[in-house]
1. Could you give me the ³J(HN,Hα) list for the range A:211-227, computed from phi with Karplus coefficients 6.51, -1.76, 1.60 and θ = phi - 60°, whole Hz, x at Gly and Pro?
2. Taking H as built 1.01 Å from N, whose amide H comes closer than 5 Å to the amide H of B:A370, not counting residues under 5 places away?
3. I'd like the Karplus ³J(HN,Hα) series for the range B:285-296: coefficients 6.51, -1.76, 1.60, θ = phi - 60°, whole numbers in Hz, and an x wherever there's a Gly or Pro.
4. Size of the dipole of the range B:286-399 about the Cα centre, Lys and Arg at +1 and Asp and Glu at -1 on the beta carbon, nothing else charged, in debye to 20?
5. With the contact rule set at Cα under 8 Å and sequence spacing of 6 or more, what percent relative contact order holds for the range A:106-260?
6. Calculate for the protein assembly as shown the 222 nm mean residue ellipticity that helices alone would give, adding -39,500 (n - 2.57) per DSSP H run of length 4 or more and normalising by residue count, nearest 500 deg cm²/dmol.
7. For A:L202, what residues show an amide H to amide H distance below 5 Å, using hydrogens built from the backbone and excluding near sequence neighbours?
8. With the label 7 angstrom out along Cα to Cβ, how close does B:G353 come to the same site in each of the other copies, in nm, nearest first?
Protein chains: 2
Amino acid sequence: MKTPIVSVLGALLLSAAPMLPATGLAVAAPAATTRSPDAIAADLAAKALASDLPMQIVTDLTTEIGPRLAGTEAEKRAADWAVARLKALGFDSVRQESFTITGWLRGEEKAEITGPAPQPLVVTALGTSVATPPEGIEAEVVVFKRYADLLAAPEGSLEGKIALVTEKTVRAQDGSGYGAAGLIRRAGASEAAKRGAVAYLLRSLGTHDHRFPHTGSQVYAEGAPKIPAAAISPPDAEQIERLVARGHTVKVKLKLTPSHPGTVTSQNIIAEVKGREKPDEIILIGAHLDSWDQGTGAIDDGAGVAVVTTAAKLIRDLPQRPKRTIRVVLFGAEEYGLLGAKAYAEAHKAEMGKHILATEADFGQGPVYAFNTRVADPKHPSIVRIQNALTPLGIYRGDNAAHGGPDIGPMMQHGVPVVNLALEGSDYFDTHHTPDDTIDRIERKRLNQTAAAYTVFAYLAAELDGDYRQARVADAPNTASGN
Amino acid sequence: MKTPIVSVLGALLLSAAPMLPATGLAVAAPAATTRSPDAIAADLAAKALASDLPMQIVTDLTTEIGPRLAGTEAEKRAADWAVARLKALGFDSVRQESFTITGWLRGEEKAEITGPAPQPLVVTALGTSVATPPEGIEAEVVVFKRYADLLAAPEGSLEGKIALVTEKTVRAQDGSGYGAAGLIRRAGASEAAKRGAVAYLLRSLGTHDHRFPHTGSQVYAEGAPKIPAAAISPPDAEQIERLVARGHTVKVKLKLTPSHPGTVTSQNIIAEVKGREKPDEIILIGAHLDSWDQGTGAIDDGAGVAVVTTAAKLIRDLPQRPKRTIRVVLFGAEEYGLLGAKAYAEAHKAEMGKHILATEADFGQGPVYAFNTRVADPKHPSIVRIQNALTPLGIYRGDNAAHGGPDIGPMMQHGVPVVNLALEGSDYFDTHHTPDDTIDRIERKRLNQTAAAYTVFAYLAAELDGDYRQARVADAPNTASGN
């Protein structure tokens, strides 16, 4: 670890310090200020709000790389891009940590109503879905307007049929509507298969009303036959509902040709701003680098990559680094079941106790509207100071039942205390996991407020003293946690 | 033709007349009223605004038939559906008039950036496009931000390249932005081919910003090589623009496999409300029954079919029919170049002089905001009375440069006077010719106002006296026209 003085000089030399044109020498570094952490946090917020960096990063990632499906060459290109970018930004200890996953690649995907009113459907395979036979599967559709109705259907009742669940995903600021609907996608295929279905369809999880399907992963249950699983767009689901409501027997033909390349490699990317006093203590801010393959992963999760990178970069460029280390983790293979997060928690098991606070940005572009924690003492003075610094950004104090973010889950199980900068998600599922997840969806003003919030949080969490320890849900302190 | 008395009774028996439960007999028909045409028009408007029929028709057509590409079995199913429906509604002389067209069927369509940032593009072939070789065409893309720039490119300058025009379609209430951009789609492929291009792409004509391409027809120019032609979605066009602006050489691979089934049959559907005094004089209200194949043709032109059918039905159900005949024409093969309209004008050449006024509903769901004419005397007392009847619906008096609607063009060339009930089109090109053109886009209130406007117009045009004769553009009376 460098001494603080060297660190400060290094930061200045690497940052955009004004040069004296006549000599080419950097101007003298200002002495470390005696400004309070709170004042520095306010400066950082102002810088983040005005920064071009968040839009640059998400634009570059989605343009130069595009979609980045886990375990593919595209994800690897994104990882190499990220390493180069993080090094160019001057971070410490930039590295890739590889792990293996079971790959899956989308193939052809086609569905059509073959009777009574022949017409194509807009469909997409769910991640991990098996293929149909090459000629497809043609069968009568049984519609369930509630997932509960599928679960209530007796064994054998779907013999030879295609099950279609048309339950709607409810729009909610915190994404809880998607949470409530999640099992329809993740578990529905096996539930249908147990009852005899030959294929499984669902109305896309998502709140938009466009002719896009919404992909995402699903998991086959042990012991159930593996049947092809796919999502159709909301208007297509409603078309079938209407035909069935009119008394028609609706037949659908489904053709999916995904492939399973076996064991492939993914990777997490790590970059740090080493702390000046307690470099082994870690404030972790994460996002995930992989994306689904239909859009370019701007909202999910290019925005998060941009936000946490910007936060760390602005802190890195301070005249004096904070006491603790800020670690940026760009997780791989999030979309396939938090595989990068699990690999990270496993690889870093020994230092879990040194993770002072962890959070992720993986819910779109924001803005951040609430600050939630899961710590033993949610009124800890440092937590109060962080909240006070966030308030001017339009962020209120939320609850103490934070989850940290998808990729933080495995760490949380190791007792790491977590926070959430709760992101405005009312429109997140209009775009998430659809072809519409592209850079033009990102609004600079929203993204920059989010970057400001993460910057303020990361800086103060790294600068202020405090050993937070994790709290159980409902604010019960978890004395066994922390390491 | 039936006598008026029989007609009125027939109308009552076929309409939803209240039945006396005890006897099963219809209640006595009320005597023909002595109310003024203006008062009857106001009654009709109120009925149209409250009617379930417009939503029923557009829902039924898009659900029971779905997409109806010209010359296909689906268009024929739609035609048979329409005949049955129009007969059930009690119209006179319901019939199909067949004609032949050159068929075209969409095949597989795929495009991807192969370098420098490999990623799929959302693409759709333009109608009449030739296929690529089975393995596709891979070439460098040359971007033209203005169509004028392509036209200014010298011969041979696109040798071996794919031309991409990314000019934007401007949002405009009257659709003039689409009009201004039309040649980019219709003529661009041949212009590119003349300069050596091996394929032609354009940014979708359309005002939406979603990941949909916008299809539509194009025409190969005589003498130019026929090259594949397709549209990519707006975000995809911007992605390529960004990569090129960054100095990259962008390569795209395009694969299209449309087929050309040769001569196929399409048909116009005709239904009438025979006039009580001048049954050979025709007020023509049209719409088109065919649609593009990606959506279900709700906006284009299920809405128009619903509106003109409702208008004629409400007039048909009056105690006394108007003096002139109202003819509903549901044109076939509009999307392939007004082929049904041309067939109609040819087949009915002899009675063109008996077409007193003609208009079409082919610009979405409305509402109608202006009443435009193209008649010799735009201040004709009957025109003024029609306008007065439309004003309460929120419709102002427009200009005297109406075009009648796409399918009215061929008639207009025969001198038929035309009007336009100008439809609100600000959002029309958000949906038009995309997969998003589905029934959920239709708002009942907008559709019903449109139906009310067409009902009022058709009724008064058929009831009031007036020989309008066509005016040339800019209000110059065209004394040679009229038949």
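1. In residue order, the calculated couplings are 8, 10, x, 10, 8, x, 8, 9, 10, 6, 6, 4, x, 8, x, 8, 10 Hz.
2. B:Y396, B:A422
3. 10, x, 7, 10, 8, 6, 8, 5, 9, 8, x, 10
4. On the way: 13 positive and 13 negative charges, 181 e Å.
So the magnitude is around 880 debye.
5. Result for the range A:106-260 is 39 percent.
6. Working: 26 runs with 285 residues, N = 966.
Taking each H run of at least 4 residues, the total per residue is -9000 deg cm²/dmol.
7. Residues meeting the criterion, in which the H sits 1.01 Å from N, are A:V165, A:A230, A:A231, A:I232.
8. For B:G353, the inter-copy label distances come out at 10.4 nm.
The values are calculated or read from the model by the stated rules, or taken from the named source; none is laboratory data. All figures in this text were calculated on a predicted structure; none of them were measured in a lab. FYI the Cβ positions are ideal-geometry reconstructions off the backbone, even for glycines, and counts take in every protein chain you see. Protein only, heavy atoms only, side chains kept; ligands, DNA and RNA dropped before computing areas. Shrake-Rupley method; radii C 1.70, N 1.55, O 1.52, S 1.80 Å.
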